[in-house]
Amino acid sequence: MKIYLAGPDVFLPDALEIGRRKAEICARHGLVGLYPLDNAVDLSTPEASLTIFKANEAMMEAADAIIANLTPFRGPSADAGTVYELGYMTGRGKLCLAYSNDPSSYKQRVARRYDVKTSPDGRLIDPEGLTVEDFGLPDNLMMMHALDLHGCPLVAPKIASADLWHDLTSFDACVRLAADRETSKSDRN
C-alpha cells in the first residue's frame with residue numbers, strides 16, 4: 001500500500017527529516033510513504049508552484065491512501081493545502097486517515113484566538129458576527145465526516161502533544177490502522 005503523507009510538515013525547518021521519519025514508520029509496517037518533498041522541484045523557476053501542484057497530484061494518484069496531518073496550522077484549523085489533498089483523495093475514493101496533535105475542539109481553538117460570544121439568537125459568533133461551527137468536532141464537519149465515511153475517525157491524543165510538529169505517535173497510529181486494513185484485505189483475497 002502506498003500512502004500519500006499530507007500536512008504542513010513540509011513547512012518545518014526540518015521538513016526533510018520529518019518526511020524521512022514518517023517514511024521509516026510506514027516501511028516498518030510494510031507500507032510505502034510518499035512525501036511531497038520527495039518530488040525534486042527547482043524553486044527558482046517561475047513555474048515552481050505549478051510544478052509542485054502537478055507533482056503532488058501525480059503522487060496522490062499513485063497512492064492508495066492518505067494520512068493527513070490536520071494539526072491546526074497558522075490558525076484554529078488545519079492547513080488549507082492539506083484540506084484540499086484530503087478532499088482530493090476522498091473524491092478519488094481512496095482510504096483517508098488523519099491525525100491532529102491538538103485534541104481540542106474547533107470551537108475551543110477559535111475561542112483561544114478570538115473573543116467568541118453568543119449572539120441574541122443563540123449562535124456562537126466571532127468578533128465579526130460570523131457563526132463559529134460548534135458540533136464538538138476537532139475541525140470542520142466536512143473533514144471529520146470525510147474521515148468517518150472514507151477511512152477512520154481522526155486520531156488524536158487525549159492531551160495536546162508537548163511538541164505539536166515532531167510527535168509522531170498519532171501518525172504511527174494511523175499507519176497501523178492502514179496496515180491493519182491492508183492485512184485484512186489480503187486475508188480476504
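Only the coordinates and a few stated rules stand behind these numbers; no lab work does. Just so we're clear, the structure is a prediction, and the values are computed from it rather than from any experiment. So basically every Cβ, Gly included, is an ideal-geometry build from the backbone, and we count neighbours across all protein chains shown.
Magnitude of the charge dipole for region 124-189, about its Cα centre and with charges confined to Cβ atoms of Lys, Arg (+1) and Asp, Glu (-1), is about 440 debye. Return one number: the angle in degrees, 0 to 90 and rounded to the nearest 10, between the long axis of the Cα atoms of helix 141-150 and the longest principal axis of the Cα atoms of the chain. Here the helix axis deviates by roughly 40 degrees. Could you check what % of the DSSP bridge pairs in the chain are antiparallel, to the nearest 5? The antiparallel fraction comes to roughly 20 percent.
Along its first, second and third principal axes, ordered by size, region 28-99 spans 34, 33, 26 Å in Cα coordinates. Computed from these coordinates, which is percent of Cα pairs over 22 Å apart: (i) 42; (ii) 48; (iii) 57? Label (ii) holds the value from this structure. What GluC sites (Glu not before Pro) does region 36-114 have in DSSP loop regions with at most 16 other beta carbons within 10 Å? Sparse-neighbourhood loop GluC sites (Glu not before Pro): GLU47. For the chain, a simple Cβ point-charge model (Lys and Arg +1, Asp and Glu -1, everything else neutral) yields a dipole of about 400 debye relative to the Cα centre. Loop-located trypsin sites (Lys or Arg not before Pro) in region 1-99 (DSSP state not H, G, I, E or B) with no more than 16 neighbouring Cβ atoms inside 10 Å: ARG74, ARG92. Cα-based radius of gyration for region 1-40, normalised by 2.2 N^0.38 Å, reads 1.08. Our helix-only sum for the chain, with -39,500 (n - 2.57) per DSSP H run of n ≥ 4 divided by its residues, gives a mean residue ellipticity at 222 nm of -13500 deg cm²/dmol. In the elastic network of the chain, a GNM with C-alpha springs shorter than 10 Å, the most mobile of PRO153, PRO46, PRO36 is PRO46. Could you work out how far helix 169-188 tilts from the main Cα principal axis of the chain, as a 0 to 90 degree angle to the nearest 10? Tilt relative to the chain: about 50 degrees.
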